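All remarks here apply to the structure that follows.
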Amino acid sequence: MKLRAEAGSIAETSFGNLAERDVSLFTLTNGRGSILKVTNYGATVTELHLPDRTGKLADVVLGLDTLEQYVASRAYFGGIVGRVANRIRNARFELEGKAYTLAQNDGANHLHGGLLGFNQVVWTAKPSLLADGPALELAYVSADGEAGYPGELAVRVQYQLSHENEFRIEMQAESSSTTIVNLAHHSYFNLRGHDAGSTLDHELLLRANSFSVADGDPARIEPTAGTALDFSDFKAIGRDLAELYTPAGYDHNYVLFGTPGELREAARVRDQKSGRMMSLETDQPGLQFYCGSFLDGSERGKGARYERYAGFCLESQKFPYAINVPAWREQVILRAGEVYRHRMLHRFSNAG
């Protein structure tokens, strides 16, 4: 299948078969020749090719070569994670007077939807050529009780590569009964190119001056000023890394400025060598900044070996652990008749 228009195209090729379901790879090309590749396994972004300051394209997201690699991987490369992204403390929660127990796949905690998250299922896909760039809508229905969660959840995600080199993500979900939802997109970025090595010299600015802490008692919001977590102005990712108190490096949820539900800038990243810059806008209350510290060279993709810090993630989201924190739990509760919405807008540009 191939859709073509003067200002863009979409091509579909086979990416394998899983549990007797065909898996496809979709190649979206915009009017400037930039390329986004997505597979309907896990709603996973596998490649994103964008120009540097000289116009040369490079693939700026980490990814793998085959369906089998994605099935085996636990790095969540480029996928949609859920039903609840990030962590649920002790893999337990209560909802409307009933207790639920989930899989413990991060020590005692539940992480990114557990043993069968949304990044590990086959979605249906519908490509379309829109006036402002090619798009791919992906849909998945999570059954009541799947992975231990209540309620049948119908999820839709649209990826679009605009003619202005914007990578847009829109997520939506509706449930048959009260449940919890916190979807996140999990691409690892390296603005110099996925195979360029460490991103510790990338410069990051976050529109936040505090972060949430909920893995101890009590849950709280703490300021970043005067600490290694302060990215209120551009700073190399690796500059203060040694000052952090955890070997995980940066893996923190920042409390974003502005009003949740309204699209506003959350982060900017720039790479001086290539000239590429990325601005991320979102309508979510939090942004998880993860520096790729658990990459260890065991993952190989697209001709590269992904060592520690080879890519970073900026995952807009509800707060981690929220369902078990009284002040935050309403963030993640979705009732029948309500619509969960989540928008991300990645704007790419170049310094002269």
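If you plug the beta carbon distance of LEU130 and LYS2 into 1/(1 + (r/R0)^6) with R0 = 25 Å, you get a FRET efficiency near 0.95.
Here the Karplus relation 6.51 cos²θ - 1.76 cosθ + 1.60, evaluated at θ = phi - 60°, turns the backbone of segment 75-91 into coupling constants of 9, 6, 3, x, x, 8, 9, x, 5, 10, 6, 6, 10, 10, 4, 6, 6 Hz, with x for every Gly and Pro. The stretch between ASP195 and THR13 holds 63.1 nm of extra length on full extension. This uses 0.36 nm per residue minus the Cα-Cα distance.
Hey, any idea what % of the chain's accessible area is carbon plus sulfur with a 1.4 Å probe?
48 percent
On the basis of the beta-carbon distance and an R0 of 22 Å, THR54 and HIS163 show a calculated FRET efficiency of 0.65. Here the Karplus relation 6.51 cos²θ - 1.76 cosθ + 1.60, evaluated at θ = phi - 60°, turns the backbone of segment 202-218 into coupling constants of 5, 9, 10, 10, 10, 7, 6, 10, 8, 9, 9, 10, 9, 8, x, 10, x Hz, with x for every Gly and Pro.
Per residue, the chain exposes an accessible area of 40 Å² to a 1.4 Å probe, with every protein chain left in place.
A full extension of the chain between ASN90 and ARG300 corresponds to an added length of 72.4 nm, given 0.36 nm per residue minus the alpha carbon distance. In terms of the mean number of neighbouring beta-carbon atoms within 10 Å, the peptides 48-61, 313-326 order highest first as 313-326, 48-61. Using the average count of surrounding beta-carbon atoms within 10 Å as a protection proxy, the listed peptides 65-72, 31-38 rank, highest first, as 31-38, 65-72.
Applying 1/(1 + (r/R0)^6) with R0 = 25 Å to the Cβ-Cβ distance of GLN272 and ALA228 gives a FRET efficiency near 0.75.
Give me the distance between the Cα centres of segment 80-158 and segment 302-339, rounded to whole Å. Measuring centre to centre over Cα atoms gives 11 Å. Hey, what did the chain get for relative contact order, percent, Cα under 8 Å, at least 6 apart? Rounded, it is 17 percent for the chain. Net length available on complete extension from GLU307 to ARG74 is 82.4 nm, with 0.36 nm assigned per residue and the Cα-Cα distance removed. A Cβ-based charge dipole, computed about the Cα centre of the chain with Lys and Arg at +1 and Asp and Glu at -1, lands at about 420 debye. With a ≥ b ≥ c the root eigenvalues of the C-alpha gyration tensor of segment 165-274, is it rounded (a/c under 1.5), prolate (a/b larger than b/c) or oblate? Oblate.
The values are calculated or read from the model by the stated rules, or taken from the named source; none is laboratory data. In this text the structure is predicted, and so the values were computed from the model without any measurement. When we count neighbours, we look across all protein chains shown, and the Cβ atoms used for this are built from the backbone with ideal geometry, even at glycine. We work out accessible area using only protein heavy atoms, side chains counted, and drop any ligands, DNA or RNA first. Shrake-Rupley method; radii C 1.70, N 1.55, O 1.52, S 1.80 Å.
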